Amino acid sequence: MSSLPNLLTLSRILAVPLLVVLMWNASWFGYLIAFVVFCIAGATDYLDGYLARAQGTVSKLGVFLDPIADKIMVAGAIIMLVENDIVHGWTVIAAIIILIREITVSGLREYLAGIQVSIPVSQLAKWKTAFQMISLGALILAGAAEIRFTWLPAYEVGVATLWAAAILTLVTGYDYLRVGLKHMA
């Protein structure tokens, strides 16, 4: 647990309550700090995996916690963005697609792990994650932009990349499900 990659992953999990509190009835400054926290947490997602591989310290705990940390962070951000009406209207559908896929793929991976089958993360799924993180970061920043930095197109960037992430989510979710169903017969 005390390896740096595992501590970075754990810090991402612990950042979620802070992110939620910062976005709860937030002023422009609260959103701005939430954006910084989200960006730092997102950077640890890349850094923990890189360090674990580079240092040869990939652990079972890290492999287990990393996807959980990602999903908790994404879910927390989406819930607060919908609650604060930053994500609204038809865009809520994109957010729901992302949440459904995250839960479904997690369940599928858990089932497949029980029968000792592993599905590697595809390059397209990595792009999905990148679009997802960019969109959520931009939408958090949009909370500050709406109040203080009205010239910043954060909302437009956030919505566009959220829909792109939702489309990639459907494609990658289908790919994982197709592979997983072969092992359920």
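The values are calculated or read from the model by the stated rules, or taken from the named source; none is laboratory data. Being a predicted model, the structure only gives us computed values, none of them experimental. Ideal geometry is used to build each Cβ from the backbone, glycine not excepted, and the neighbour counts take in all protein chains shown. Areas reflect the complete protein model, heavy atoms only, side chains present, ligands, DNA and RNA absent. Shrake-Rupley method; radii C 1.70, N 1.55, O 1.52, S 1.80 Å.
Structure summary
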{"quantity": "The lone exception for LEU32 - which of (1) touching a Lys or Arg at 6+ places or on another chain (Cβ under 9 Å); (2) free of Cβ contacts under 8 Å to residues at least 24 places away in the same chain; (3) not basic (Lys, Arg) it fails", "calculated": "(2)"}
{"quantity": "In region 47-74, residue most open to solvent (accessible area, probe 1.4 Å) [restricted to those that are over 11 Å from the mean Cα position of the chain (by Cα) and either hydroxyl-bearing (Ser, Thr, Tyr) or within 15 Å of ALA130 (Cβ to Cβ) (or both)]", "calculated": "TYR50"}
{"quantity": "Failed condition for ILE93, given (1) surrounded by 14 or more Cβ atoms within 10 Å (Cβ to Cβ); (2) of a type in the set (A, V, I, L, M); (3) in a helix (DSSP H, G or I)", "calculated": "(1)"}
{"quantity": "Residue identified as in contact with a helix residue (DSSP H, G or I) (Cβ under 8 Å, 6 or more places away or on another chain) and not hydroxyl-bearing (Ser, Thr, Tyr) among ARG148, ARG178", "calculated": "ARG148"}
{"quantity": "Candidate set from region 154-185 (those that are hydrophobic (A, V, I, L, M, F, W, C) and outside any helix (DSSP H, G or I)); member that is surrounded by the most Cβ atoms within 10 Å (Cβ to Cβ)", "calculated": "MET184"}
{"quantity": "Residues of region 75-90 classified as of a type in the set (A, V, I, L, M, F, W, C) and either modelled with pLDDT under 95 or part of a loop (DSSP other than H, G, I, E, B) (or both), total", "calculated": "3"}
{"quantity": "Region 121-151 - residue that is open to solvent by 50 Å² or more (accessible area, probe 1.4 Å) and either touching a strand residue (DSSP E or B) at 6+ places or on another chain (Cβ under 8 Å) or modelled with pLDDT of 80 or more (or both) and, of those, nearest to PHE38 (Cα to Cα)", "calculated": "ILE134"}
{"quantity": "Hits in region 96-120 (condition: farther than 16 Å from LEU170 by Cβ, in a helix (DSSP H, G or I) and open to solvent by 60 Å² or more (accessible area, probe 1.4 Å))", "calculated": "ARG109, GLU110, TYR111, ALA113, GLY114"}
{"quantity": "Verdict on THR44 being open to solvent by less than 40 Å² (accessible area, probe 1.4 Å), part of a helix (DSSP H, G or I) and among the polar types (S, T, N, Q)", "calculated": "yes"}
{"quantity": "Test for VAL63: is it part of a helix (DSSP H, G or I) and under 18 Å from VAL121 (Cα atoms)", "calculated": "yes"}
{"quantity": "Pairs where the first residue, in region 87-103, is on the phi > 0 side of the Ramachandran plot and the second is open to solvent by less than 60 Å² (accessible area, probe 1.4 Å), C-beta under 7 Å, 6+ apart", "calculated": "none"}
{"quantity": "Flag if TRP163 is touching a residue at least 12 places away in the same chain (Cβ under 8 Å) and more than 16 Å from VAL105 (Cβ to Cβ)", "calculated": "yes"}
{"quantity": "Subset of region 128-152 [part of a helix (DSSP H, G or I) and either basic (Lys, Arg) or at positive phi (or both)]", "calculated": "LYS128"}
